[in-house]
Structures are given as C-alpha cells and as structure tokens.
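What follows is one structure encoded as structure tokens, with my remarks underneath.
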Amino acid sequence: MRVFSIMFRILLQLRHDKRTMALMIVAPIFVMTLMALIFNGNEYHPKIGIVNAPIQFVNKLEDEDAHVVRFSENNMQDALYRSEVDAIINFKNGIPHIQLEGSDANKNKAVLKLIQSITEQQINNNEPEITYVYGYEDMTTFDNIGPILIGFYVFFFVFLISGVSFLSERTSGTLDRLLATPLRRWELVLGYILGFGVFTIIQSTLIAWFSIEVLDVMMVGSFPLVLFITTLTAMVALTIGTFISAFANNEMQMIQFIPIIIIPQAFFSGLFDLSTMHPWLQAIGPFMPLYYVADALKNVMIRGQGWEAIAFDVYILIGLCLFFTIANILTLKKYRKI
C-alpha cells in the first residue's frame, strides 16, 4: 500500500504540472516529426559548373539530375570562391580538369562519384586532374562537421548552465533580495551576463582549443576569429538561457525546453544538408542562431576566410544578444516594477 501511495502522489504532482505533462507528450512528437521531414528530404544532386564541355558530357550530367551551370573561364573562379557550385569542370584538350569547392567532404564524394560514373577515365588515377579550392582530398566528415559541433556544444552547455543557474537564483530568493535593493533592472541583468560571461569565455576557449589541437579538427583560418565567434555564441546562448529560465518554475522544467530550443537548432545548423530539405523547411534555418554560428565557423576554419566573410553572421549574433538582453530586462518587470 505504501508503494501505491507514493505512486499516486507522483501522479497527482504530474497532474498539477500541466507543462511537464504537455512537454512529455508534445516534445517527442515534435522532434520525431521534424526528423521525419528532414530525413525524408530529396536526394542531393551536385551543383556543377562547366567550361568548354562537350555537349555529350553535359547531357550525361543532366541525365543524372546534376544542376549544371555554364561558366566562362573568366568568372568560374568567383563562383567557386563564393561556394555557388560544388565543382567546376573545365575541359582542356578533351581532358576534364575538376576543381572542387571542397569544404564539404560528402559533396566532394558525390561530385566525384557522379563524374566517375559518366566518364571512361578513372578518377583514382591522375587523369582527370583534380584540385581543391578548400579542404583536401582526404578530408573527413568530422572535418566538415567539426566547426558546427564546436558551436553546438558551446551553445548547448551555456544555455543549460546559465538557465538553471539563473533559475536557482530566483527560486532560492537571491533574486528577490537583489530586486529589493536600489539596483536597476538593466544593472542586474548586465551584471549577471558579465558574471556568467567570464565563465563562458573560458569554456568556449577551451572547447575550441581542444577540438583543434587535440581532436585535430580542420583549421586553416584565424584562431582569434574562432575564439571571437565561439565567445559570441556563448553570449547569445547565455542571454537566451536566462530569458527562457523566466518561464520555468524548477530545474526540470528548464531541462524540458531543450527539445524545443536546442534540438531544432541542431537540425538547421548544417549538420544535415539543408539543400535536400523541403523549401519551407529551408526557410526556417535563418531564424536559428546556430545557423549563423556554423556558417561563420566553417568560413574561418575550413575556407580560411576573414572578417569580410563572417561580418554578416557576426552582426546577426550581436543583434540577437542585444535583443535577448533587452528581453531579460523587460521580463524582470513581473518581479519588480521599477
């Protein structure tokens, strides 16, 4: 009987915690639906630029559903550097010279497999000639997703730790005591952000250093830029985490936000090829902070590009950080209207 008493007490607690009950049902359905939509996307068809290619070769590419774009020798390099195509095939003396964009190992393999299937020459030999704009021949999938994982783990752990920590400040009564002082709301929020921010800078630095130096994730760009991006990622996660914590009553409810906030971002960060998804799903990506984090880190770590390539991503992340900082200040109104 005592066992059943405990069981009924737990059931009654869950019954009164409608948010927990809803998330236990809604969150798995939401995640599974999202996974079904993503993994049931279209097959990837390489985007290939051609220069001086015989019509028979072009027809074979199109028969294999490749996206073929014709270029002149003057503008083909710009298309590769801007990652508009996966490869450029330039025929010289009847021999195809393949120049791969190279930043995505899976796309490299798709292009080479396609070309190998429609040409009599063997790709494994020196003919046709193969070069890479970014990356290298033996580039692994981990090299490709490494920058994305760095951004994801920085975001995930900072979001969780900052949210739970700020929540404990509220539930323990510390926040109420601080609000009883002459402190303004913006001073309180800024103080928390800067306080947690010191820790997040250390954490993001260690994660980036360990991934590059110990795990040997591909790194051809500026390490200070990587540290800048990961620190900015941590600050965005920090402001979002503290904001979300205002809508949780305990640590369990804070953790329940992970399937809603974190998991969708993983899907749209670049771990999965967005170009194979349904168009309406592709449109969701730009609304995810990790979309810009992954783009910036890949531009620096894999493509070796500088500030010009990541400036837009950085401005978006700074804007998100400022937006959620203001949202945190406004949220404190329900605790003290000063």
| message | If I take R0 = 56 Å and measure r between the Cβ atoms of residue 73 and residue 33 in this structure, what FRET efficiency does the formula 1/(1 + (r/R0)^6) give, to the nearest 0.05? | response | 0.75
| If you line up the Cα atoms of segment 195-301 on their principal axes, what length do they span on each, largest first, in Å? | 43, 41, 19
| note | Bounding extents of segment 134-251 in its principal axis frame from Cα atoms, largest first in Å, are 62, 26, 20
| said: Taking θ = phi - 60°, what integer Hz values does the Karplus form 6.51 cos²θ - 1.76 cosθ + 1.60 yield along segment 86-103, in sequence order, with x for Gly and Pro? | reply: 7, 7, 10, 10, 10, 7, 10, 6, x, 10, x, 9, 9, 10, 8, 4, x, 7
| said: With equal scatterers on the alpha carbons only and no solvent term, can you work out the Debye log10 of I(q)/I(0) for segment 227-279 at 0.17 1/Å? | reply: -0.69
| field | Amide proton proximity set for residue 132, modelled H, under 5 Å, gap of 5+ | value | 100
| message | Using the crude model of +1 on Lys and Arg Cβ and -1 on Asp and Glu Cβ, and no other charge, please compute the dipole size for segment 133-205 relative to its Cα centre, in debye to 20. | response | 580 debye
| Under a straight-distance cross-link criterion of Cα-Cα below 29 Å, which lysines are reachable from residue 333, leaving out those fewer than 8 residues away in the same chain? | 18
| Could you give P(r) for segment 252-327, binned at 5 Å from zero, as whole percent values over all Cα-Cα pairs? | 3, 14, 20, 21, 22, 13, 5, 2, 0
| Over 22 Å (Cα to Cα) - which of 92/298; 113/298; 60/113 fall in this group | 92/298; 113/298
| query | If one puts a single equal scatterer on every Cα of segment 126-200 and applies the Debye formula without solvent, what log₁₀ I(q)/I(0) results at q = 0.24 Å⁻¹? | reply | -1.12
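Here, each number is a calculation from the coordinates, and none is a lab measurement. All values reported here derive from a predicted model rather than from experimental measurement. Glycine also receives a Cβ, built like all others from the backbone with ideal geometry; neighbour counts cover every protein chain displayed.
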